[in-house]
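Input: a single structure, listed below in structure tokens.
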Amino acid sequence: MDSINNQFFVNNTASPTAAKAYAKNDDIGFAQMMATRGSVDGLSGAAKADVSPALTMALGGLIGRYGINVPPKLRILPAKKKYVLEEGDDRSGKFDMLIQDNPGVSELLTQAHTKALTERDAAMESAIDSFMQGKGGYDMKGFLVEFRENEKPRAVSVVYDGIGTYVEEQDARGAWRLIKGEADFTDDLMKAYTRYNLTNVATDYHNKKSLPTLNREQVAKGR
């Protein structure tokens, strides 16, 4: 795959993602992007940081050329050896052309995807390390194995909304949300641990109630 030198050059060619491209872009200007990025969807810049400014610039400079209107936002999903828009998006054909003509965009999408998942894993492990302080034992190992399995992302997509690019994951109900951070995992750990303890207590109580009561005759016979 062709290399990307920096956020202003793709395949050793000056990218249309540079500031001049923003000046010509009817979708959104560079100044507007910088002014509004910190409050997208009511979230702070720290909570919804642009996962790849280079990708944002690349898409911002290219979508107009291919007649792709944003909004509504683009939800970009990994497929076999390429990236596609979510099923049912009538802009898919134009987006496929964009991807085919600009292989550097696919590389940026892969970098954004990998970066977000790496940071997600690090956030989960950091939350677990903090949560485990003062706890231990065989039961906790089983709990953590189950927790990690349940917390695997079901699907991951890169979203471009005309202002920034963000990575979202699909929850158990099929709804999309920003990819989880440490605070999300800490909250999930507390809820999961509470359920885990309640389940164990209920199981122990049920087992004790199910134990047979020996009568004197059985005891005398050594049963």
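Bear in mind these aren't lab numbers, they're just calculated from the coordinates by the rules spelled out. Model, not experiment: these values are computed from the prediction. Virtual Cβ from ideal backbone geometry, glycine too; neighbours counted across all protein chains shown.
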Under 5 Å between amide hydrogens, which residues at least 5 positions from residue 52 or on another chain qualify, with H placed 1.01 Å from N in the peptide plane? 165
Segment residue 81-residue 121, extension gain: residue separation times 0.36 nm, minus the distance between their alpha carbons: 12.0 nm
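Determine by what factor the alpha-carbon radius of gyration of the range 98-145 differs from 2.2 N^0.38 Å, reporting the quotient.
Numbers: Rg = 18.1 Å, N = 48, 2.2 N^0.38 = 9.6 Å.
Normalised by 2.2 N^0.38 Å, the Cα Rg of the range 98-145 equals 1.89.
Figure the gain on full extension for residue 129 and residue 111 (residue separation times 0.36 nm, minus the Cα-Cα span) and round it to one decimal in nm.
Full extension of this stretch gives 3.8 nm more.
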Can you give me the P(r) profile for the range 45-159? Cα pairs, bins 5 angstrom wide beginning at 0, each as a whole percent. 2, 9, 18, 19, 14, 10, 9, 7, 6, 4, 2, 0
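What pairs from 135/180; 141/180; 80/180; 73/115 go past 29 Å between their alpha carbons?
Details: 135/180 24 Å; 141/180 22 Å; 80/180 25 Å; 73/115 21 Å.
None, as every Cα separation is 29 Å or less.
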Considering only 109, 156, 127, whose Cα is most displaced toward the positive end of the charge dipole of the range 88-203, charges sitting on Cβ of Lys, Arg (+1) and Asp, Glu (-1)? 127
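Can you tell me how much longer the chain between residue 170 and residue 146 gets when fully stretched, taken as 0.36 nm per residue apart minus their C-alpha distance, in nm with one decimal? Provide the component values of the computation, followed by the final result.
Values: separation 24, 0.36 × 24 = 8.64 nm, distance 1.87 nm.
Difference between extended and current length: 6.8 nm.
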Within a Cβ distance under 10 Å of residue 123, other residues only, what is the Lys/Arg minus Asp/Glu net charge? -3
